[in-house]
Amino acid sequence: MKTLLRGGFVVSGRGCRRADVLIDGEKVERVGHIPPALAAQSKIVDVTGAMLFPGFIDAHTHFDLDVCNTTTIDDFDSGTKSAIRGGTTTIVDFACPNKGESLRYGLDLWHKKADGNCWCDYGFHMTIDDWNPSIEKEIDDMYAEGISSFKMYMTYPAMMIGDEAMYKALKKLKEKGGICGVHCENSGVINALIEEKKAAGRMGVSSHPETRPDFLEAEAVSRLLRIAQAVDIPVVIVHLTNAATLSEVTAARHRGQKVYVETCPQYLVLDDSVYYNEDYSRAARYVCAPPIRKSEDCRALWAGLRKGEIQTVSTDHCAFTLAQKEAGRGDFTKIPGGLPGVEARGELVYSFGVATRKISLATMCRVLSENPAKLYGMFPRKGILAPGADADIVVYDPQADHVLRAEDMQSRAGYTPYEGFVTRGSVSQVWLRGQLAVENGQVLGGQRGRYIVRGKNML
């Protein structure tokens, strides 16, 4: 039997309109007026007054990742369960081989971690942390496996890649029409600043943001964009945090470069005062890289979303328990960096963006659904409610406010960075390929997630 979602408002990247959605199996069959004869043959689900979004896509998660001599507390089971609860129907995680390991080894390892363990659909970016003839030959194989996007780091010794290697890797990706996201921070100067803090005995949490200032992120972005200019290839700036860095992107666009920008909820709704709490546990939970910036940077990022300067909002979900964060008590460099957040993203963007009129419903749809689907080769299967698309649907009730609390979250972190935040409305239902996966905060069914073979960038 077909399913008819009746009485809602369908949101797209162009706007919002009153429309019903007819689901046949795993696909959307019709959007708009549904003839009475079809409606009579369908199961009716009343969603009167709710907004119907295409399933949210989080293109930046880290599940079951070994880092800082520990492992993220959320694996693909708990991480994707948290994702689907918050309206994210597709995640794109990072397959991360170590230096000296093949891309194939990394991909096989991540499939082993994820396959059969996901509550939502999933794909992988491939991390490039080394470059040699063997790695270069494997790029073609990655495309054959549905990997059309890659990741490189300009920081972290175990993962960073030098400018020469980055140039050569981007040249190869250009041949294939690929896209690459880059973590941009100036590792050398950061290391020097850390040594200065150590020499001064300043080993508390507040030294974390002070050793990773906004201008070192901006410098690294500027350098990446000049390398990309030499190759003549578009790139993605992941988790951009501040106004100075966004200005570097603007300058590159003015000289004719195509640049895509991602930011994250923590950079939109939090500020760096979180690092100056005298309670170590309260401060350490917010350690991530790049760090959370100042309130004026939050305002600049919202403006960037409104103007279309920032294309996607993902989470960089990389969750550790507070017990794991204790490893850095007395030495901030040993605090495992990362925050949980995949479950709260949609409600935060609506509550602090749409409801406060910083951005429109259409913008929210573009940055959470449509743009990541296009950028990472899943459109029009994902990212839109239209005939033939996967019936991934978020039913958002604008009247159902609630308080974000760790005890209600599916993540195993045991805390949320947004504890006590009051949302404007909430996710009431989530449909994954035509099956009801979440209702009234309860995750239903089982692990239905499928690996998504992705194509080329369409944004």
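Derivation of every value follows stated rules applied to the coordinates shown; laboratory data play no part. What you are looking at is a predicted structure, and each value in this text was computed from that prediction instead of being measured. Here the Cβ positions follow ideal geometry from the backbone for every residue, glycine too, while neighbour counts run over all protein chains shown.
General observations
- Between the alpha-carbon centres of segment 402-459 and segment 222-274 there is a gap of 27 Å.
- With neighbour counts taken as other beta-carbon atoms within 10 Å, the residues S222, S102 rank, fewest first, as S102, S222.
- Cβ-based net charge around A303, under 11 Å, with every Lys or Arg adding one and every Asp or Glu removing one: +1
- Across segment 103-190, the mean sequence separation of Cα contacts (distance under 8 Å, 6 or more residues apart), normalised by length, yields a relative contact order of 29 percent.
- Cα→Cβ-extended label distance, 7 Å offset, between E136 and E407, nm: 5.9 nm
- Extended-chain gain in nm, criterion 0.36 nm per residue less alpha-carbon gap, R448 and Q229: 74.7 nm
- Listed peptides 443-452, 349-358, 284-293, 3-12 appear in the order 284-293, 3-12, 349-358, 443-452 once ranked by packing, highest mean of other Cβ atoms within 10 Å at the front.
- Using a Förster distance of 51 Å, the FRET efficiency for Q399-D271 (Cβ separation, nearest 0.05): 0.95
- Each Lys or Arg adds one and each Asp or Glu subtracts one; over the other residues with Cβ under 10 Å from the Cβ of G100, this totals -2.
- Normalised contact order of the chain, rounded percent, pairs of Cα under 8 Å and 6 or more residues apart: 22 percent
- With the simple model of a label 7 Å out from the Cα in the direction of the Cβ, K43 to R357 spans 4.1 nm.
- Here is the P(r) of segment 364-433: all C-alpha pair distances, binned every 10 Å from 0, give 18, 35, 34, 13, 0 in whole percents.
- Taken about its Cα centre, the chain carries a charge dipole of roughly 1300 debye when the Cβ of each Lys and Arg holds +1 and the Cβ of each Asp and Glu holds -1.
- Relative contact order of segment 253-411, pairs being alpha-carbon contacts under 8 Å that are 6 or more residues apart, as %: 20 percent
- Equivalent-ellipsoid semi-axes for segment 1-154 (Cα gyration tensor, √(5λ), whole Å, largest first): 40, 16, 14.
- Calculated on alpha-carbon atoms, Rg and Dmax of segment 55-375 in Å: 18.5, 52
- Taking label positions 7 Å along the Cα-Cβ direction at both R253 and E439, the computed distance is 4.3 nm, reported to one decimal.
- Within straight-line cross-link reach of K43, lysines at Cα separation under 25 Å, skipping those fewer than 8 residues along the same chain: K2, K27, K382
- Phi angles of segment 447-455 translate, via the Karplus equation with coefficients 6.51, -1.76, 1.60 and θ = phi - 60°, into HN-Hα couplings of 8, 9, x, 10, 6, 9, 6, 10, x Hz per residue; Gly and Pro are given as x.
- In the chain, the longest principal axis of the Cα atoms and the axis of helix 103-114 are about 50 degrees apart.
- Taking a Cβ cut-off of under 10 Å around V189, the surrounding Lys, Arg, Asp and Glu residues balance to a net charge of -1, with basic ones at +1 and acidic ones at -1.
- Computed from the C-beta positions of R17 and V422, the FRET efficiency with R₀ = 35 Å rounds to 0.75.
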